[in-house]
Structures are given as structure tokens and as C-alpha cells.
Amino acid sequence: MKIRLDFLRILPMLAVFCTCSVFWEFLYGSMVDQEPEQLKYLNYALLGGGLACVILFWRYMQPIVKKWFLAWVCVIVWLVLESYAGWNSWLVYPHVFNKFFVLLITFGLYAFHRRYGMPPFSQLINVLVLVLMANLLILHRDSLSLNAFVENERGFNSSSAYLLVIVALFFLNRFLLRNSFTALLIFFVCMPLIVFLQHRSVWIATIIAVPVDLLLLRLAKTTRFSPAKMILLIGLPAILGSLGLTMIVLNNPEVVSRFEQSIDDIANADKQGTGSWRLKQIESYIPLVQKRPIAGWRLEGFDVPMQFYDPSSDAPMWPDHTGHHFHNFYLDRAFYFGILGILLVLLVPFISVGRRLLKSRRMDSDTAALVAYFGSLIVFGTSYDWSTYHFGLLGLIMAAVAEPVPAPPALDPAVPFMPEPEAQPSALIPA
């Protein structure tokens with residue numbers, strides 16, 4: 001009997017995905033307002049595992065990533081010394097430290113996949129599809145109704161709905177590359193769900209990701225955009241969409257009104273909706289960011305009183321000393337760590353992706369999907385702070401665009417499930 005062990009390569013990324021509510025709701029329920037307290041132990045394990053991967057697989061890391069990691073170490077040491085000097089504690093505010101600690105997940109995923117090769121992307125995405133659909137159908141089936149749409153009752157939060165984008169990109173590429181009609185159907189399931197869940201930031205991210213993905217495939221010349229494929233991609237949804245529009249939308253004026261309101265929110269972000277809410281938060285904190293634009297407020301920022309007030313009651317949006325709950329990745333990093341904080345996260349990934357595109361535009365469809373997702377993530381960060389799993393995907397993206405790509409290790413071939421005594425030791429993942 002033989003068993004293939006290449007599925008083990010998806011386990012690190014799946015562990016990171018477990019920090020997303022779409023995964024942990026199966027264990028803790030969908031009525032939990034905040035992350036369960038027990039989830040912190042998973043985060044500790046991910047950080048520890050990331051550091052272990054960096055130490056064990058240091059020699060497989062590219063020079064630019066090694067320098068990035070050393071710069072990260074210098075920043076952490078700086079914060080630790082500043083914490084002890086100002087507050088007589090080595091880690092006075094873990095909330096602030098964690099904004100950089102989470103990069104260990106990026107480094108760890110990158111180092112692991114540089115050592116063992118990229119994970120079987122199809123298996124990873126299939127698990128995502130299974131979990132996303134099961135979560136919707138089992139835990140949030142009440143949100144799959146027109147009444148829920150009208151009342152803006154979303155089954156997923158924005159970070160969970162954003163997982164549908166990477167799934168849609170994967171199956172779009174599978175259709176274009178292999179003419180898989182099943183992949184096309186799954187793509188057409190993902191796209192309406194993205195619209196139905198009504199996260200406008202995810203809409204915009206999708207509008208950016210899909211064209212970028214198609215452009216990368218076109219530059220790589222890995223697929224032919226035949227008329228038949230274009231008819232299926234454009235004509236089929238147009239026909240089905242027109243039928244659905246006639247049968248459902250036009251017969252429900254409230255649905256039309258809801259669509260119009262969502263589009264108005266996007267077009268007039270400074271006047272209404274959550275866009276206006278975010279703009280007011282930015283305006284509240286920009287004066288503080290401008291006072292310390294280079295390195296930010298760092299640990300002192302946690303002591304700064306709440307600057308953002310509820311427009312309806314003129315009361316602070318959150319209590320002091322609970323963090324400032326920024327709904328903008330760039331504002332969060334700029335307030336706490338300034339321009340240097342933003343560059344510490346994004347500079348090396350930008351350089352790596354740029355180098356790959358300049359050196360060789362020929363990339364496989366999975367890498368194209370990841371790079372397109374990274375492009376949309378840059379825009380998604382203007383609406384939300386990044387979730388933990390985004391940093392894991394960033395490590396996966398870094399490994400995917402790395403040159404040269406390492407050869408797969410001995411996990412790919414079939415391995416004896418019960419080797420004979422003279423065979424190699426049956427370690428699951430060889431050191």
C-alpha cells in the first residue's frame with residue numbers, strides 16, 4: 001500500500017486559515033462577537049512555528065528576505081528596549097508588538113515553502129471551498145435570502161468574504177488553462193456570492209484582482225483566450241444574469257434600492273455609509289500621524305486617548321487603552337510606526353514581485369492568481385487592517401515569486417506506508 005505525502009504541504013497554510021472566523025466558527029459558534037480567547041494559543045503556535053522555520057531553513061531564504069528578517073529583528077529589539085526604558089516592562093503593550101510579531105508567519109511560510117516547494121494549490125483551494133460553503137449552508141443559511149440581502153445581514157465578515165476572491169481566481173485560471181466546465185461553474189458561484197454578501201471593499205478588490213490575473217496570464221502566454229472561452233465567460237453570465245434580473249431583482253424594488261445604496265456608498269464615500277465613517281476616522285488621526293510621520297507613536301500610541309467619536313452621541317467610539325481599532329491598514333501602521341512601519345511590511349514584497357515580472361513574465365496560473373490577489377490586497381488595506389491569514393498568504397506569495405524556484409523534495413513521489421527495515425526512516429517531512 002502506498003500513500004502520497006504531498007498534502008502535508010498545505011497544513012501550515014491551513015493552520016493560518018484557522019485564525020479566520022469562517023474556520024473557527026465550527027468550533028465556537030457563529031454568535032461570538034470577538035475572537036475566542038483560546039484562539040491566542042493558535043496564534044502563539046503559529047508565531048513559534050514561523051520562527052522555527054526561519055531558523056531551520058535559513059539557508060534556503062533569498063538574501064533580500066534575510067535582510068528583511070534582520071531589519072525586523074532590529075525593530076523588535078528597538079521596541080523591547082523602548083518598552084523597558086519607558087514602562088519598566090519588556091513587552092508593555094503586546095497589542096502593539098503583535099503588529100510586527102505577525103510577520104513571523106510571513107517569514108515562516110516563506111521559509112517552509114522555499115525548503116519543501118509550493119503546496120498543492122488545488123488541494124488547498126478545495127479545502128477552502130468546502131469550508132466556505134459548509135459555513136454558509138450550516139451556520140449562516142439565514143443570510144442566503146433576499147430579505148437578508150435587503151436588511152444587509154451578511155453571513156461573513158469582510159475578511160472571510162475576501163477568501164472567495166482567491167477561490168474565484170483559482171477556478172477562473174483552471175477554466176482558462178484546462179477548459180474545465182466544473183471550474184467555470186464554481187467561478188460563477190463565487191462571483192454572485194461576492195456580490196450577495198455586500199462587502200463593497202471585497203467588490204473593489206475583485207474588480208482589481210480579476211483583470212490583473214488575466215493580464216498576467218496573457219503576458220505569460222500560458223493560455224489562449226479563444227472566442228469560445230470568452231463567450232462562456234461573458235455570454236453565459238450575461239444570459240443568466242438577465243434572467244435573474246428579470247425574475248428576482250426587478251420584481252423586488254427593495255433589492256434594487258439596496259443595490260443603488262451600495263453603489264452610492266462607493267461613489268460617495270465621503271458623504272455616506274461606512275466609507276464616510278472611515279474617512280472621519282482618518283481625519284481624526286491624521287494630525288497625530290503628521291506629528292510623527294517617520295517612525296510613528298509606537299508604544300506611546302497605545303496611551304494616546306481615543307481620538308474618534310461617535311457622530312450620533314459624540315462619545316468615544318471605544319474605551320481608552322483598548323487600541324484604536326483602525327479600519328485601514330495604512331493608517332494603523334502610519335500611526336504606530338510611521339512610514340518606516342509601512343515600508344517594513346510592503347517594500348520587500350513589492351521588490352520581489354517586481355523583480356519576478358521584470359526577470360520572467362512566464363509564471364504558472366497559481367502564481368498569477370497569488371500575485372493578482374496581492375495586488376487586490378494592497379487596495380483592500382485601505383478599508384480594513386490585514387487579518388492574520390493575509391500575512392500567511394503574503395509568505396506564500398513571496399515563495400511563489402522567488403527565483404530560482406527550488407526543486408520539490410522527496411515528498412512528491414509515492415512513499416511506502418510501511419517501509420521495509422532497510423528503507424529510509426519514515427519521517428513525514430524529512431529534515
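The values are calculated or read from the model by the stated rules, or taken from the named source; none is laboratory data. If you're wondering where the values come from, they're calculated on a predicted model, not measured in any experiment. Every residue, glycine as well, gets a Cβ built from its backbone with ideal geometry; the counts of neighbours run over all protein chains shown. When the accessible area is computed, the model is the full protein with side chains, heavy atoms only, and any ligands, DNA or RNA have been set aside. Shrake-Rupley method; radii C 1.70, N 1.55, O 1.52, S 1.80 Å.
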Residues that are modelled with pLDDT of 90 or more and not in a helix (DSSP H, G or I), drawn from segment 142-164 | Y162
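Residue-wise test of (1) at pLDDT below 90; (2) of a type in the set (A, V, I, L, M).
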residue	(1), (2)
M191	yes, yes
V195	yes, yes
R200	yes, no
I207	no, yes
V210	no, yes
D213	no, no
R218	yes, no
K221	yes, no
R224	yes, no
Tell me which residues, restricted to segment 165-212, are of a type in the set (G, A, S), assigned to a helix (DSSP H, G or I) and over 15 Å from V379 (Cβ atoms).
-> A168, A183
Collect the residues in segment 302-332 that are open to solvent by 20 Å² or more (accessible area, probe 1.4 Å) and outside any loop (DSSP other than H, G, I, E, B), keeping them in residue-number order.
-> F302, D303, Y309, P316, Y330
Over segment 281-301, the set of residues assigned to a helix (DSSP H, G or I) and surrounded by fewer than 14 Cβ atoms within 10 Å (Cβ to Cβ) is E283, P287, Q290, K291
Mind counting the residues in segment 166-201 that are aliphatic (A, V, I, L, M) and open to solvent by less than 40 Å² (accessible area, probe 1.4 Å)?
-> 11
Keeping to segment 12-59, report how many residues are without any contact (Cβ under 8 Å) to a residue 12 or more places away in the chain and within 17 Å of L393 (Cα to Cα).
-> 0
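Please determine whether any residue of segment 100-116 is part of a loop (DSSP other than H, G, I, E, B), under 25 Å from F57 (Cα atoms) and touching an Asp or Glu at 6+ places or on another chain (Cβ under 8 Å).
no
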Looking at segment 371-387, which of the residues that are over 13 Å from V345 (Cα atoms) and of a type in the set (V, I, T) is surrounded by the most Cβ atoms within 10 Å (Cβ to Cβ)?
-> V371
